[in-house]
Amino acid sequence: MSGSQVPVAADLAATDDIGWAVRLLAATPTHEHREPELLRRWARAADAFGSALAPVACRARIVERDGGLELGLLARYTSRPPTVELYTDTIDLAERVVDARGWRDWYPPGSVRAAALAHEAVHVHLHHGPAKAALKRALGHSALRLGRLRVPGHVAGAEEVAAHAYARTVCGLGRSPLLLTAALAAETESGTAPGTTPPPARDARREN
């Protein structure tokens, strides 16, 4: 790790997991004018929801392939047919970034792949079961109120926060995968990623 990389790593790690969750929500379309405290409340609720989920098995077909660096993806869930794609080239890069930044205590060897799979397993779980409605209730956002009737509303990005919190918990990570995703993006912007300079890596879910 070069001397110029150390301040960047320190700055990223100084933001806690809820802080990164708030940043994710703030960068999500529809939240541009939301109050920071509201975003923080949603971030905390989604993080707590994901952390409390019982372990779920991935019920989708799992495919490993290259090409994630070009797409900017660590993993992706597609629903027709239910498939989780794990991008091995981006996962390998993420492991190198962990070593370069001295974060191995937070992300043990092999944990990036495990966390990516756990993250996508939650997307499968939320897409096909009642847990999605439970997440809406936990967030406390109302799409409609008529007297005592309250219709829980969708909060864009909350499912991502919950999935990252779940992955952190079931994989026993010291920090959320959100921090690692931010590090991949930072390395890309600075041109210091070990071995290559791909577009920012992210988790993505596509329902097609």
The ³J(HN,Hα) series, computed from each phi in region 62-73 with the Karplus coefficients 6.51, -1.76 and 1.60 at θ = phi - 60°, rounded to the nearest Hz and given as x for glycine or proline, is 10, 10, 10, 7, 7, x, x, 5, 5, 7, x, 10
Distance in nm between pseudo-label sites at residue 51 and residue 88 (7 Å out along the Cβ direction from Cα) | 3.5
On full extension of the chain, what length is gained from residue 154 through residue 62, given 0.36 nm per residue of separation minus the C-alpha to C-alpha distance?
-> 30.3 nm
Applied in sequence order to region 11-26, the curve 6.51 cos²θ - 1.76 cosθ + 1.60 (Karplus, θ = phi - 60°) yields integer Hz couplings, x standing for Gly and Pro, of 5, 5, 5, 5, 7, 6, 5, 5, x, 5, 5, 4, 5, 4, 5, 4
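Any read-out appearing in this document is the output of simple, stated calculations on the displayed coordinates, not a laboratory observation. From a predicted model like this one, the values you see are computed outputs, not experimental measurements. Neighbour counts run over all protein chains shown; Cβ positions are idealised from the backbone, glycine included.
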